[in-house]
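Peer 1: I have a structure here, written as structure tokens, and I will follow up with some questions on it.
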Amino acid sequence: MSRLQTRTIKKYESDGFFVINLIATNHNGIPDLLCLKDGFKPIFIEIKEKGDKVSPLQEYIHKQLKKQGFTVIIEKA
């Protein structure tokens, strides 16, 4: 796990979210983290280290998640 990912998890957990690292899913391109908290819509977070870019597949998946009403955030180093 990268330092950025660790910092992001700690940040959301300190705000009361339950954070799940989505290591292996049945969908390629799914964001790295899922943050859950009572009274809030689920938040998906894509972690991008310095020099990394969002792939076309990830962009497509992010768009599909947003169509479902979810929040998608891209955290960049």
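Peer 1: Return only the number of the condition from (1) among the charged types (D, E, K, R); (2) at pLDDT 95 or above; (3) in a loop (DSSP other than H, G, I, E, B) that Lys10 does not satisfy.
Peer 2: The number of the failed condition is (3).
Peer 1: Within segment 53-66, restricting attention to residues that are touching a strand residue (DSSP E or B) at 6+ places or on another chain (Cβ under 8 Å) and not basic (Lys, Arg), which residue is farthest from Met1 (Cα to Cα)?
Peer 2: Among those that are touching a strand residue (DSSP E or B) at 6+ places or on another chain (Cβ under 8 Å) and not basic (Lys, Arg), it is Leu65.
Peer 1: Right, next: For Gly69, state whether it is outside any helix (DSSP H, G or I) and either polar (S, T, N, Q) or without any contact (Cβ under 8 Å) to a residue 12 or more places away in the chain (or both).
Peer 2: no
Peer 1: Out of (1) out of contact with any Phe, Trp or Tyr (no Cβ under 6 Å at 6 or more places or on another chain); (2) surrounded by 16 or more Cβ atoms within 10 Å (Cβ to Cβ); (3) free of Cβ contacts under 8 Å to residues at least 24 places away in the same chain, the odd one out for Gly29 is which?
Peer 2: Checking Gly29 against (1) out of contact with any Phe, Trp or Tyr (no Cβ under 6 Å at 6 or more places or on another chain); (2) surrounded by 16 or more Cβ atoms within 10 Å (Cβ to Cβ); (3) free of Cβ contacts under 8 Å to residues at least 24 places away in the same chain, the one that fails is (3).
Peer 1: A further question follows. Checking the condition hydrophobic (A, V, I, L, M, F, W, C) and either in contact with a Phe, Trp or Tyr (Cβ under 6 Å, 6 or more places away or on another chain) or surrounded by fewer than 13 Cβ atoms within 10 Å (Cβ to Cβ) (or both), which residue from Leu22, Leu4, Leu57 passes?
Peer 2: None of the other options fit; the residue is Leu57.
The values are calculated or read from the model by the stated rules, or taken from the named source; none is laboratory data. Not measured: the values here are computed from a predicted model. Positions of Cβ are generated from backbone atoms using ideal geometry, with glycine treated the same way; all protein chains shown enter the neighbour counts.
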